[in-house]
Amino acid sequence: MRWLLGLLVTLAALPAQAEEVVLGLSSDTVAISTDFDGSDILIYGAVKREAPIAEAPLQVIVTVSGPFQPLTVRRKERRFGIWINTDSVFVDAAPSFYAVATSGPWAEVISDTEDLRHRISIPRAIRSVGAPETVPDAQSFTEAVIRVRTLEGTYKVLESSVGLREQTLFDTSVQLPANLTEGTYNTRVFLTRNRAVVSSFATTIEVRKVGLERWLHALSRQQPLVYGLMSLALAIAAGWGASAAFRAIRHQ
(Lines give C-alpha, C1' and ligand atoms only; values in the text may rest on other atoms or scores of the structure.)
Protein backbone atom coordinates (compact mmCIF):
# COMPACT_ATOMS: atom_id res chain seq x y z
CA MET A 1 0.00 0.00 0.00
CA ARG A 2 3.07 2.27 -0.10
CA TRP A 3 2.10 3.56 -3.57
CA LEU A 4 -1.29 4.70 -2.20
CA LEU A 5 0.41 6.85 0.44
CA GLY A 6 2.68 8.30 -2.25
CA LEU A 7 -0.31 9.28 -4.37
CA LEU A 8 -2.02 10.98 -1.43
CA VAL A 9 1.13 13.00 -0.73
CA THR A 10 1.26 13.99 -4.41
CA LEU A 11 -2.36 15.10 -4.31
CA ALA A 12 -1.73 17.32 -1.30
CA ALA A 13 1.22 19.01 -3.01
CA LEU A 14 -0.52 19.81 -6.31
CA PRO A 15 -2.13 23.25 -6.90
CA ALA A 16 -5.89 23.61 -6.91
CA GLN A 17 -7.47 22.50 -10.21
CA ALA A 18 -10.63 20.80 -11.45
CA GLU A 19 -11.22 17.10 -10.85
CA GLU A 20 -8.44 15.24 -12.65
CA VAL A 21 -6.33 12.08 -12.77
CA VAL A 22 -3.00 11.42 -11.06
CA LEU A 23 -1.61 8.27 -12.69
CA GLY A 24 1.14 5.74 -11.98
CA LEU A 25 2.50 2.65 -13.79
CA SER A 26 4.33 -0.34 -12.37
CA SER A 27 6.70 0.06 -15.35
CA ASP A 28 6.88 2.45 -18.30
CA THR A 29 9.10 0.12 -20.35
CA VAL A 30 8.74 -3.50 -21.48
CA ALA A 31 11.82 -5.38 -22.72
CA ILE A 32 11.29 -8.16 -25.28
CA SER A 33 14.04 -10.77 -25.00
CA THR A 34 14.40 -14.28 -26.44
CA ASP A 35 12.53 -15.80 -23.47
CA PHE A 36 9.80 -13.11 -23.25
CA ASP A 37 6.40 -14.71 -22.58
CA GLY A 38 4.30 -11.67 -21.78
CA SER A 39 4.09 -9.08 -19.04
CA ASP A 40 1.55 -7.63 -16.61
CA ILE A 41 1.34 -3.84 -16.29
CA LEU A 42 -0.20 -2.46 -13.09
CA ILE A 43 -1.94 0.86 -13.73
CA TYR A 44 -2.97 2.80 -10.64
CA GLY A 45 -3.92 6.33 -9.76
CA ALA A 46 -6.09 8.73 -7.85
CA VAL A 47 -8.55 11.53 -8.49
CA LYS A 48 -7.45 15.00 -7.40
CA ARG A 49 -10.30 17.32 -6.48
CA GLU A 50 -10.80 20.49 -4.48
CA ALA A 51 -14.58 20.25 -4.14
CA PRO A 52 -16.78 17.66 -2.40
CA ILE A 53 -17.45 14.45 -4.31
CA ALA A 54 -20.43 14.82 -6.63
CA GLU A 55 -23.54 12.75 -6.03
CA ALA A 56 -23.32 10.98 -9.39
CA PRO A 57 -21.00 7.96 -9.04
CA LEU A 58 -17.57 8.19 -10.62
CA GLN A 59 -16.48 5.61 -13.19
CA VAL A 60 -13.02 4.89 -14.61
CA ILE A 61 -11.95 3.63 -18.03
CA VAL A 62 -8.36 2.59 -18.84
CA THR A 63 -7.12 1.85 -22.36
CA VAL A 64 -3.75 0.55 -23.58
CA SER A 65 -3.14 0.61 -27.34
CA GLY A 66 -0.18 -0.61 -29.37
CA PRO A 67 1.24 0.94 -32.55
CA PHE A 68 -1.35 1.53 -35.29
CA GLN A 69 -0.83 -0.25 -38.59
CA PRO A 70 -2.70 -0.30 -41.94
CA LEU A 71 -3.95 -3.67 -43.16
CA THR A 72 -6.01 -5.23 -45.92
CA VAL A 73 -8.78 -7.61 -44.86
CA ARG A 74 -9.83 -10.18 -47.43
CA ARG A 75 -12.85 -12.43 -47.59
CA LYS A 76 -12.44 -16.03 -48.73
CA GLU A 77 -15.24 -17.93 -50.43
CA ARG A 78 -15.43 -21.50 -51.66
CA ARG A 79 -15.93 -21.61 -55.41
CA PHE A 80 -15.59 -24.62 -57.70
CA GLY A 81 -14.28 -26.67 -54.79
CA ILE A 82 -11.44 -24.32 -53.78
CA TRP A 83 -11.13 -21.35 -51.42
CA ILE A 84 -10.28 -18.05 -53.15
CA ASN A 85 -10.02 -14.39 -52.12
CA THR A 86 -13.04 -12.37 -53.20
CA ASP A 87 -13.84 -8.98 -51.61
CA SER A 88 -11.25 -6.95 -49.71
CA VAL A 89 -11.36 -3.80 -47.55
CA PHE A 90 -8.40 -1.58 -46.66
CA VAL A 91 -8.29 -0.54 -43.00
CA ASP A 92 -6.41 2.73 -42.58
CA ALA A 93 -5.16 2.08 -39.04
CA ALA A 94 -5.76 -0.68 -36.53
CA PRO A 95 -3.90 -1.00 -33.21
CA SER A 96 -1.61 -4.02 -32.97
CA PHE A 97 -2.79 -4.38 -29.36
CA TYR A 98 -5.79 -2.86 -27.60
CA ALA A 99 -7.15 -3.40 -24.12
CA VAL A 100 -9.96 -1.45 -22.50
CA ALA A 101 -10.75 -1.91 -18.80
CA THR A 102 -13.68 -0.35 -16.94
CA SER A 103 -14.84 0.02 -13.35
CA GLY A 104 -18.36 -1.14 -14.25
CA PRO A 105 -20.51 -2.54 -17.07
CA TRP A 106 -19.75 -0.75 -20.34
CA ALA A 107 -23.30 0.55 -20.85
CA GLU A 108 -23.23 2.19 -17.40
CA VAL A 109 -19.80 3.79 -17.79
CA ILE A 110 -19.96 5.81 -21.01
CA SER A 111 -22.48 6.89 -23.63
CA ASP A 112 -22.19 6.08 -27.31
CA THR A 113 -21.72 9.77 -28.12
CA GLU A 114 -18.79 10.11 -25.70
CA ASP A 115 -17.30 6.87 -27.00
CA LEU A 116 -17.45 8.25 -30.53
CA ARG A 117 -15.86 11.54 -29.47
CA HIS A 118 -12.92 9.96 -27.63
CA ARG A 119 -12.58 6.72 -29.66
CA ILE A 120 -12.42 4.49 -26.59
CA SER A 121 -14.05 1.17 -27.52
CA ILE A 122 -12.24 -1.25 -29.83
CA PRO A 123 -14.50 -0.67 -32.89
CA ARG A 124 -14.06 3.10 -32.51
CA ALA A 125 -10.27 2.76 -32.13
CA ILE A 126 -10.01 1.14 -35.58
CA ARG A 127 -9.99 3.74 -38.35
CA SER A 128 -11.42 2.71 -41.71
CA VAL A 129 -12.24 5.81 -43.73
CA GLY A 130 -13.69 4.30 -46.88
CA ALA A 131 -14.56 1.01 -48.50
CA PRO A 132 -15.23 -0.01 -52.13
CA GLU A 133 -18.81 0.56 -53.24
CA THR A 134 -18.85 -3.04 -54.44
CA VAL A 135 -18.61 -4.24 -50.82
CA PRO A 136 -22.01 -3.60 -49.19
CA ASP A 137 -21.10 -5.05 -45.77
CA ALA A 138 -17.74 -3.33 -45.20
CA GLN A 139 -18.37 -3.16 -41.44
CA SER A 140 -18.17 -6.95 -41.24
CA PHE A 141 -14.49 -6.75 -42.26
CA THR A 142 -13.69 -4.58 -39.23
CA GLU A 143 -15.66 -6.99 -37.07
CA ALA A 144 -13.56 -9.84 -38.48
CA VAL A 145 -10.35 -8.06 -37.44
CA ILE A 146 -11.72 -7.63 -33.92
CA ARG A 147 -12.86 -11.25 -33.74
CA VAL A 148 -9.53 -12.68 -34.91
CA ARG A 149 -7.40 -10.47 -32.68
CA THR A 150 -9.64 -11.14 -29.69
CA LEU A 151 -9.02 -14.87 -30.17
CA GLU A 152 -5.28 -14.14 -30.43
CA GLY A 153 -5.38 -12.24 -27.13
CA THR A 154 -4.27 -8.91 -28.61
CA TYR A 155 -7.70 -7.25 -28.26
CA LYS A 156 -9.33 -7.34 -24.81
CA VAL A 157 -12.43 -5.90 -23.16
CA LEU A 158 -12.09 -6.09 -19.36
CA GLU A 159 -15.39 -4.91 -17.93
CA SER A 160 -15.57 -4.22 -14.17
CA SER A 161 -11.83 -4.97 -13.80
CA VAL A 162 -10.84 -1.52 -12.51
CA GLY A 163 -10.92 -1.39 -8.71
CA LEU A 164 -12.28 1.94 -7.44
CA ARG A 165 -12.19 2.87 -3.75
CA GLU A 166 -14.00 5.81 -2.20
CA GLN A 167 -14.34 7.32 -5.72
CA THR A 168 -10.71 8.40 -5.35
CA LEU A 169 -8.20 5.55 -5.69
CA PHE A 170 -8.25 3.14 -8.63
CA ASP A 171 -6.10 0.36 -10.05
CA THR A 172 -6.15 -2.36 -12.68
CA SER A 173 -3.77 -4.81 -14.32
CA VAL A 174 -3.42 -5.33 -18.08
CA GLN A 175 -1.69 -8.44 -19.39
CA LEU A 176 0.51 -7.87 -22.43
CA PRO A 177 0.84 -11.04 -24.56
CA ALA A 178 4.09 -12.58 -25.80
CA ASN A 179 3.45 -11.59 -29.42
CA LEU A 180 3.85 -7.84 -28.82
CA THR A 181 4.72 -5.40 -31.59
CA GLU A 182 7.68 -3.18 -30.77
CA GLY A 183 6.87 0.52 -30.34
CA THR A 184 5.07 3.06 -28.16
CA TYR A 185 1.94 1.92 -26.33
CA ASN A 186 -0.46 4.73 -25.43
CA THR A 187 -2.18 4.49 -22.05
CA ARG A 188 -5.27 6.61 -21.41
CA VAL A 189 -7.47 7.04 -18.33
CA PHE A 190 -10.95 8.56 -18.50
CA LEU A 191 -13.10 9.66 -15.58
CA THR A 192 -16.83 9.66 -16.28
CA ARG A 193 -19.99 10.74 -14.46
CA ASN A 194 -23.48 10.17 -15.83
CA ARG A 195 -21.78 8.36 -18.75
CA ALA A 196 -19.94 11.55 -19.80
CA VAL A 197 -16.16 12.10 -19.71
CA VAL A 198 -15.21 14.69 -17.07
CA SER A 199 -11.43 14.27 -17.18
CA SER A 200 -8.73 12.29 -18.97
CA PHE A 201 -5.00 11.63 -18.78
CA ALA A 202 -2.54 10.00 -21.18
CA THR A 203 0.94 8.53 -20.90
CA THR A 204 3.05 5.98 -22.80
CA ILE A 205 4.74 2.61 -22.32
CA GLU A 206 7.79 1.81 -24.45
CA VAL A 207 8.10 -1.77 -25.75
CA ARG A 208 11.56 -2.55 -27.12
CA LYS A 209 13.51 -5.64 -28.16
CA VAL A 210 16.74 -6.20 -26.20
CA GLY A 211 19.78 -8.48 -26.44
CA LEU A 212 19.87 -11.04 -29.23
CA GLU A 213 16.30 -10.22 -30.31
CA ARG A 214 17.27 -6.57 -30.82
CA TRP A 215 20.44 -7.46 -32.74
CA LEU A 216 18.65 -9.87 -35.08
CA HIS A 217 15.82 -7.41 -35.69
CA ALA A 218 18.26 -4.62 -36.54
CA LEU A 219 20.30 -6.94 -38.77
CA SER A 220 17.23 -8.05 -40.73
CA ARG A 221 16.28 -4.42 -41.39
CA GLN A 222 19.70 -2.86 -42.01
CA GLN A 223 21.53 -5.75 -43.74
CA PRO A 224 18.92 -8.15 -45.14
CA LEU A 225 21.45 -9.95 -47.36
CA VAL A 226 23.74 -10.75 -44.42
CA TYR A 227 20.72 -11.78 -42.34
CA GLY A 228 19.50 -14.10 -45.11
CA LEU A 229 22.93 -15.72 -45.61
CA MET A 230 23.32 -16.19 -41.86
CA SER A 231 19.88 -17.79 -41.61
CA LEU A 232 20.72 -20.11 -44.51
CA ALA A 233 24.05 -21.07 -42.91
CA LEU A 234 22.36 -21.80 -39.59
CA ALA A 235 19.73 -23.94 -41.32
CA ILE A 236 22.42 -25.93 -43.18
CA ALA A 237 24.43 -26.37 -39.97
CA ALA A 238 21.35 -27.52 -38.06
CA GLY A 239 20.46 -30.01 -40.80
CA TRP A 240 24.01 -31.36 -40.97
CA GLY A 241 24.15 -31.67 -37.17
CA ALA A 242 20.88 -33.57 -37.05
CA SER A 243 22.04 -35.88 -39.85
CA ALA A 244 25.37 -36.55 -38.13
CA ALA A 245 23.63 -37.31 -34.84
CA PHE A 246 21.23 -39.70 -36.58
CA ARG A 247 24.11 -41.55 -38.28
CA ALA A 248 25.98 -41.84 -34.99
CA ILE A 249 22.91 -43.33 -33.31
CA ARG A 250 22.46 -45.87 -36.16
CA HIS A 251 26.07 -47.12 -35.86
CA GLN A 252 25.89 -47.68 -32.12
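The values are calculated or read from the model by the stated rules, or taken from the named source; none is laboratory data. A quick note: this is a predicted structure, and the numbers were derived from the prediction, not measured. Methodologically, a virtual Cβ is constructed for each residue, glycine included, from the backbone with ideal geometry; neighbour enumeration extends over all protein chains shown. The protein model used for the area step is the full one, side chains on, heavy atoms only, and it has no ligands, DNA or RNA in it. Shrake-Rupley method; radii C 1.70, N 1.55, O 1.52, S 1.80 Å.
Summary of computed values
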| quantity | calculated |
| --- | --- |
| Selection count where residues are over 15 Å from SER161 (Cβ atoms), of a type in the set (A, V, I, L, M) and touching a Lys or Arg at 6+ places or on another chain (Cβ under 8 Å), scope the stretch 90-109 | 3 |
| Residue within the stretch 163-173 that is open to solvent by 50 Å² or more (accessible area, probe 1.4 Å) and more than 27 Å from GLU50 (Cα to Cα) present | yes |
| Extreme residue, farthest from GLY66 (Cα to Cα), among residues of the stretch 86-107 that are hydroxyl-bearing (Ser, Thr, Tyr) and out of contact with any Asp or Glu (no Cβ under 8 Å at 6 or more places or on another chain) | SER88 |
| Filtered residue count, the stretch 151-184, keeping only those that are assigned to a strand (DSSP E or B) and either out of contact with any Lys or Arg (no Cβ under 6 Å at 6 or more places or on another chain) or modelled with pLDDT under 90 (or both) | 16 |
| Search result, residues across the stretch 41-71 that are farther than 29 Å from GLU19 by Cβ and under 12 Å from the mean Cα position of the chain (by Cα) | GLY66, PRO67, PHE68 |
| Pairs with Cβ under 6 Å, 6+ apart, first in the stretch 187-205 and farther than 14 Å from VAL162 by Cβ, second aromatic (Phe, Trp, Tyr) and not in a strand (DSSP E or B) | none |
| Qualifying strands (runs of 3 or more DSSP E) (wholly inside the stretch 29-71; at least 1 residues being at pLDDT 80 or above, out of contact with any strand residue (DSSP E or B) (no Cβ under 7 Å at 6 or more places or on another chain) and of a type in the set (A, V, I, L, M)) | none |
| Among (1) at pLDDT 80 or above; (2) farther than 25 Å from TYR185 by Cα - the single one LEU23 does not satisfy | (2) |
